[in-house]
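Note sheet for the following structure.
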Amino acid sequence: QLQASGGGLLQAGGSLRLSCAASGRIFSAYAVGWFRQAPGKEREFVAAISRSGGSTYYADSVKGRFTISRDNAKNTVYLHMNSLQPEDTAVYYCAAKGTGSDTYYLSAVNYNYWGQGTQVTVSS
């Protein structure tokens, strides 16, 4: 089970840290991704991290502003979001995929487990 948290309402230029906590699994065996879905839009990839945390990948729209990291001892993956803009407003979802490879995955179809989402709203 994945639990996403940390969303909120803030003004443009602000920062948030989202958390994705896993229970009941050996989290270090899972690659994790963050996705988001804005109203009326399709779900889109945001960032991904390999199971060790050694490899990460970002969507162009968030590169340089967002950082994905993980603490496997705490079974938690984080998404640090800086310089937030109104276009970042969305429900953010974390997803996990069990894998034997230390790699990341960019497509939602690769992920087996999904959290419930946390709302991020950025006002101008």
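What follows is calculated from the coordinates using simple rules that are stated; it is not laboratory data. From a predicted model like this one, the values you see are computed outputs, not experimental measurements. Note: ideal-geometry Cβ built from the backbone for every residue, glycine included; neighbour counts use all protein chains shown.
Odds and ends about this structure:
- Restricting the stretch 23-124 to GluC sites (Glu not before Pro) in coil, as DSSP defines it, with at most 13 other Cβ within 10 Å: E42
- Contour excess over end-to-end distance, with Cα ends at Y113 and N82 and 0.36 nm allotted per residue: 8.5 nm
- Highest mobility in the GNM of the chain, judged by mean-square fluctuation with C-alpha springs under 10 Å and restricted to G40, G13, G24, is found for G40.
- Cross-link reach is defined here as a Cα-Cα straight distance under 30 Å, omitting same-chain residues fewer than 8 places apart; for K74 the lysines meeting it are K63, K97.
- Relative to one another, the C-alpha centroids of the stretch 7-37 and the stretch 57-113 are positioned 7 Å apart.
- Our summary gives the chain a relative contact order of 37 percent, counting only alpha carbon pairs under 8 angstrom and 6 or more residues apart.
- DSSP loop trypsin sites (Lys or Arg not before Pro) with at most 15 other Cβ within 10 Å: longest gap in the chain: 66-124
- Point-charge dipole on Cβ atoms (K/R +1, D/E -1) for the chain, about Cα centre, debye to 20: 240
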